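Each remark here refers to the structure printed beneath this line.
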Amino acid sequence: MPMETPTPNGPDGTLQARTAFLVVQHKNGEWEAITDFFKPVTVEHTASVIEMKFGASEVVSDIEASKQAAITAHQLMAMTAQMQQAAANKSLADQLKL
């Protein structure tokens, strides 16, 4: 559960966190989660709660789509290997019949 107002607790006033990422909306409307906090970011306005919710939802959706794409690619590679093995077995069977 997000805290209402983060309390800086580092010696220099920085917030001490276990991990972090930043969700940004590009000028073209695309959302992206970034972890490079050294990259300068200039924003047009402070995000509204609706923008936060929608941006987070878009990032989660993209992550799920990437995960599904990886699963599909893995399944296709496994199927291709099975088909290659079946073709090799058929070829060997055909050679033995000669």
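Between helix 49-97 and the chain, what is the angle of the helix's C-alpha long axis to the longest principal axis, kept within 0 to 90° and rounded to the nearest 10?
With both axes taken from Cα atoms, the answer is about 10 degrees.
So what's the back-of-envelope 222 nm ellipticity for the chain, counting only DSSP H runs of four-plus at -39500 (n - 2.57) apiece and dividing by all residues, rounded to 500? Don't skip to the end; give the middle numbers.
Numbers: 1 runs with 49 residues, N = 98.
Rounded to the nearest 500, the figure is -18500 deg cm²/dmol.
Please give, to one decimal in nm, the separation of the simple spin-label points placed at residue 91 and residue 41, each 7 Å out from Cα toward the Cβ.
Placing both labels 7 Å along Cα→Cβ, they lie 5.3 nm apart.
Please give me the summed charge of the neighbours of residue 29: other residues whose Cβ is under 12 Å from its Cβ, Lys and Arg +1, Asp and Glu -1.
Working: positive: 27; negative: 30, 32, 51, 58.
After counting each charged neighbour, the total is -3.
Taking Rg/Rh (Cα atoms, Kirkwood Rh) as the quantity of interest, determine which of (1) 1.34; (2) 1.24; (3) 0.92 was computed from the displayed structure.
(1)
Each reported figure results from applying straightforward, stated rules to the coordinates on display, with no laboratory input. What you are looking at is a predicted structure, and each value in this text was computed from that prediction instead of being measured. Every residue, glycine among them, receives a Cβ derived from its backbone with ideal geometry; neighbour counts consider all protein chains shown.
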